[in-house]
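> Could you have a look at this structure, given as structure tokens, before my questions?
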Amino acid sequence: MAPIHNFNPGPAVLPLPALTRARDEFLDVAGSGMSIMEHSHRAKVYEGIHNEAIALLRELCAIPGDYEVLLLQGGASQQFAVVPMNLLDRDKSADYVVTGTWSQKALKEARCFGRPRVAATTEVDGKFYRVPSPDEIDLDPDAAYVHITTNNTIAGTQFHEFPQTSAPLVADMSSDIMSGPLDVTRFGLIYAGAQKNLGPSGVTVVIVRKDLVEAGRRDIPAFFQYRTHAADNSLSNTPPTFAIYMLRNVLSWLKEQGGLPAIAARNHEKARLLYDVLDERSDFYVCRVEKRSRSSMNVVFNLPTPELEAECISAAQQLGMVGLKGHRLVGGLRASIYNACPQESVAALADFLRSFKK
Ligand SMILES: *Cc1c(COP(=O)(O)O)cnc(C)c1O
């Protein structure tokens, strides 16, 4: 089979060593004679892997002891609801910075629980081409928290500087978590579905300050209270054992690569390869995203006509380059180049784009 260059937005490419390790251990994990999927989540073999995944998250992100690391289900979308369910009292407000489809969805869910307000939005005619600068964000000193989407997977924008807030900063980091060094202490709560940068779908990572867990509401179902999962080391019910096993494989690969500083340098270089093509003098490729808001994870661009865009996507497909169709809300093309997307794939795409233009 010809090599595939996978630019899928999520679920996305996984590191080959994490996959081959899974292949090699598929029928016999840790010398147990069984697949990881067949082990009890209460037994030693699984527990070792579960704790290793959490320990790797703690180590790679330098997560301080006053934070919980939870492995939950329901995706980032469930956290849109679970965050306000826990942290927002009915008569309280929370500040939402609206920078794209995902933050709009998070805001909508928060309206079920309290009175969220829009502290900033960069929407223009239904489109988002940038994130706000810190001084554009109108913060309410009484807000329960401030919610941001650090990388806007659909619009192709990313915060490169986080707002200073007195209220706890809550971040949906689904599409750029661990793409570079992360100062966890800037945040009250971080959540991310695994299927972009951390592993397969099915597991959601939540990093949350212990005092927020403790202060969380108690008048909601126990299963939706962060404290339930914190008290049981995320083993309150059956966790997605195979997804967490894969998370462990991806994190141990990331550690071997040199951790977050090393992956950041690689991501920066990959993004540069593509933006350089888009910036070459000519109006064939157009990246509408404001330069200081450009995402290093999702490179979104247009060609002169939808017909040329379709032709470009199908010519790329012939060369094994998949996943380049832009999100249906914005059209155009999108190259998702998460941690596991090899530099060779990005270089191949850059070469292809130059020759397609000619
Ligand atoms: C993909 C994505 C989501 C949705 O994630 P699910 O795990 O499918 O719920 C939310 N936010 C961002 C930023 C995303 O990229």
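The values are calculated or read from the model by the stated rules, or taken from the named source; none is laboratory data. Because the structure is predicted, anything quoted here is derived from the model rather than measured. With ideal geometry, Cβ positions are generated from the backbone for all residues, glycine too; neighbour counts draw on all protein chains shown. What goes into the accessible areas is simple: the full protein's heavy atoms, side chains included, and nothing from ligands, DNA or RNA. Shrake-Rupley method; radii C 1.70, N 1.55, O 1.52, S 1.80 Å.
> Just to verify a result, which residue in the range 305-339, among those that are of a type in the set (A, V, I, L, M) and open to solvent by less than 20 Å² (accessible area, probe 1.4 Å), is farthest from Thr153 (Cα to Cα)?
Filtering the range 305-339 for residues that are of a type in the set (A, V, I, L, M) and open to solvent by less than 20 Å² (accessible area, probe 1.4 Å), the one farthest from Thr153 (Cα to Cα) comes out as Ala316.
> Kindly indicate whether Thr121 is of a type in the set (S, T, N, Q), modelled with pLDDT of 95 or more, touching a strand residue (DSSP E or B) at 6+ places or on another chain (Cβ under 6 Å) and farther than 24 Å from Ala335 by Cβ.
Yes, satisfied.
> Right, Gln164: out of contact with any Pro (no Cβ under 6 Å at 6 or more places or on another chain), away from the ligand (no atom under 16 Å from the Cβ) and not aliphatic (A, V, I, L, M) or not?
Judged against the criteria, Gln164 is a match.
> Limited to the range 157-199, what total is found for residues that are of a type in the set (Lys, Arg) and crowded, with 19+ Cβ neighbours inside 10 Å?
1
> While we're here: More than 29 Å from the chain's Cα centre (by Cα), modelled with pLDDT of 95 or more, more than 16 Å from the ligand (Cβ to nearest atom) and in the same structural domain as Thr153 (by TED's automatic domain parsing) - does that describe any residue in the range 11-29?
Yes, the range 11-29 contains at least one residue that is more than 29 Å from the chain's Cα centre (by Cα), modelled with pLDDT of 95 or more, more than 16 Å from the ligand (Cβ to nearest atom) and in the same structural domain as Thr153 (by TED's automatic domain parsing).
> Also: Regarding Ser77, is this residue assigned to a helix (DSSP H, G or I) and of a type in the set (Ser, Thr, Tyr)?
The answer is yes for Ser77.
> Here's another thing I want to ask about it. Does the range 83-94 contain any residue that is crowded, with 22+ Cβ neighbours inside 10 Å and within 13 Å of the ligand (Cβ to nearest atom)?
Yes, some residue in the range 83-94 is crowded, with 22+ Cβ neighbours inside 10 Å and within 13 Å of the ligand (Cβ to nearest atom).
> Next question, about the same structure. Restricting to the range 167-190, and then to whatever is more than 10 Å from the ligand (Cβ to nearest atom) and hydroxyl-bearing (Ser, Thr, Tyr), can you tell me which residue is nearest to Leu278 (Cα to Cα)?
Within the range 167-190, the match that is nearest to Leu278 (Cα to Cα) is Ser179.
> Output yes when any residue across the range 114-121 is away from the ligand (no atom under 12 Å from the Cβ), open to solvent by 70 Å² or more (accessible area, probe 1.4 Å) and in a loop (DSSP other than H, G, I, E, B), and no when none is.
no
> Taking the condition buried (at least 22 other Cβ atoms within 10 Å of the Cβ), modelled with pLDDT of 95 or more and within 12 Å of the ligand (Cβ to nearest atom), does Gly202 pass?
no
> For the range 130-152, how many residues meet the condition of being in contact with a helix residue (DSSP H, G or I) (Cβ under 7 Å, 6 or more places away or on another chain) and either in a loop (DSSP other than H, G, I, E, B) or surrounded by fewer than 21 Cβ atoms within 10 Å (Cβ to Cβ) (or both)?
4
> Of all residues in the range 226-272, which are among the acidic types (Asp, Glu), outside any loop (DSSP other than H, G, I, E, B) and farther than 22 Å from Ala350 by Cβ?
Glu256
> Which residue is surrounded by the fewest Cβ atoms within 10 Å (Cβ to Cβ), if the candidates are limited to the range 50-74 and must be more than 25 Å from Ala143 (Cβ to Cβ) and within 16 Å of the ligand (Cβ to nearest atom)?
That would be Gln73.
> Which of the residues belonging to the range 201-218 are closer than 26 Å to Gln104 by Cβ and outside any strand (DSSP E or B)?
Ser201, Gly202, Val203, Leu212, Gly216, Arg217
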